[in-house]
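The values are calculated or read from the model by the stated rules, or taken from the named source; none is laboratory data. Quantities reported herein were computed from a predicted structural model and do not represent experimental measurements. Every residue, glycine among them, receives a Cβ derived from its backbone with ideal geometry; neighbour counts consider all protein chains shown. Only protein heavy atoms, including side chains, enter the accessible area calculation; ligands, DNA and RNA are left aside. Shrake-Rupley method; radii C 1.70, N 1.55, O 1.52, S 1.80 Å.
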Amino acid sequence: MVRHVEYVMGMPISLDLRDEEDLASAVTETFTWLHEVDARFSPYKVDSEVSRYGRGLLAAADLSEELDDVLSRCAYYEDISGGAFSTQLPGHDFDPCAVVKGWAVQRAADHLHAAGARRFCLNAGGDVVTSGEPEPGRAWRVGIRHPEQPQAVCAVLASRDGTVATSATYERGAHILDGRTGQPATGLLSVTVVADDLTHADALATATFALGTDGIAWAATQPGVEVLIIDEGRRVHRSPGLTPG
């Protein structure tokens with residue numbers, strides 16, 4: 001059993017590992033990977049691969065396989081959202097963080113699983129990957145922060161072998177922009193997406209938030225996910241398949 005927290009990618013990332021086997025080296029390698037992602041993919045580090053690509057210093061042939069993968073995913077979410085999800089807006093630096101965060105944490109969880117971990121919860125600033133159960137017969141309980149009350153939760157979800165991602169403005173202010181207008185997205189207070197993969201859950205939550213109130217109906221049409229959305233009128237829109245914790 002291991003409980004470990006490190007500050008990476010501008011947020012606390014915590015691991016609650018319930019396996020009895022000695023997985024200390026896997027835990028170390030997992031967090032090393034996350035620090036490497038931060039160094040290579042942060043748009044806030046001038047020498048990162050992402051920053052050099054954004055300044056036009058890297059040709060397509062020079063990109064790492066990982067960045068090429070991230071760019072492909074970014075293009076996918078921009079396409080399916082009709083441009084509301086965007087990594088490049090006039091007057092702003094290239095910023096793929098809406099894909100990189102979920103992608104990196106999902107890969108970290110995959111590494112843990114490949115190393116033999118079966119019962120864990122990896123939490124990156126509220127975006128969560130769960131594996132197995134913390135104890136037999138009980139799911140992991142994932143709290144969704146209330147968008148207006150920092151010390152409260154608005155829902156608790158049960159999760160086994162799944163992921164939960166939330167996009168909101170309570171941590172970083174109006175940082176989610178609508179790629180169609182270049183302006184901060186409006187209409188929603190919080191979007192939570194439950195999916196099998198955190199890369200998808202995280203990017204889809206951002207895309208939904210960027211779409212504003214149009215995102216409510218749009219998210220409901222996305223296959224294989226469940227959503228919990230709170231709009232600016234404080235109305236709650238909830239998929240029937242969500243499992244309370």
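Over all pairs of different C-alpha atoms, the chain has a mean inverse distance whose reciprocal, the Kirkwood radius, equals 18.4 Å.
Per residue, the Cα convex hull of segment 98-181 amounts to 106 Å³.
Of S14, S51, the residue with the largest accessible area leads and the full order is S14, S51 (1.4 Å probe). Rolling a 1.4 Å probe over the protein heavy atoms of the chain, with every protein chain left in place, gives an accessible area that is 49 percent carbon and sulfur.
What is the calculated FRET efficiency for E36 to D93, with r their C-beta to C-beta distance and R₀ = 22 Å, to the nearest 0.05?
On the way: r = 21 Å, r/R0 = 0.95.
Given R0 = 22 Å and the Cβ-Cβ separation, E is 0.55.
With the helix formula -39500 (n - 2.57) applied to DSSP H stretches of n ≥ 4, the chain reaches a computed 222 nm mean residue ellipticity of -10500 deg cm²/dmol. Per residue, the accessible area of the chain comes to 47 Å², computed with a 1.4 Å probe over protein heavy atoms only.
Assuming a viscosity of 1.306 mPa s and a temperature of 10 °C, what translational diffusion coefficient in µm² per second does Stokes-Einstein assign to segment 160-245, Rh being the Kirkwood radius over Cα pairs?
Using the Kirkwood radius from Cα pairs, D works out to 124 µm²/s.
Taking Cα centre as origin and charging only the Cβ of basic (Lys, Arg, +1) and acidic (Asp, Glu, -1) residues, the dipole magnitude of segment 98-200 rounds to 100 debye.
With Rh defined as the Kirkwood radius, the inverse of the mean 1/r over Cα pairs, the Rg/Rh of segment 76-118 is 1.20. In this structure V5 has an accessible area near 100 Å², from a 1.4 Å probe over the protein heavy atoms. The alpha carbons of segment 1-105 stretch over 49, 29, 24 Å along the principal axes, in descending order.
Kirkwood analysis of the Cα pair distances in segment 63-143 returns a hydrodynamic radius of 14.8 Å. Under 14 Å from a point placed 7 Å out from the Cα of V46 along the Cα-to-Cβ direction: which residues of segment 1-20 have their backbone N that close? Answer for segment 1-20: none.
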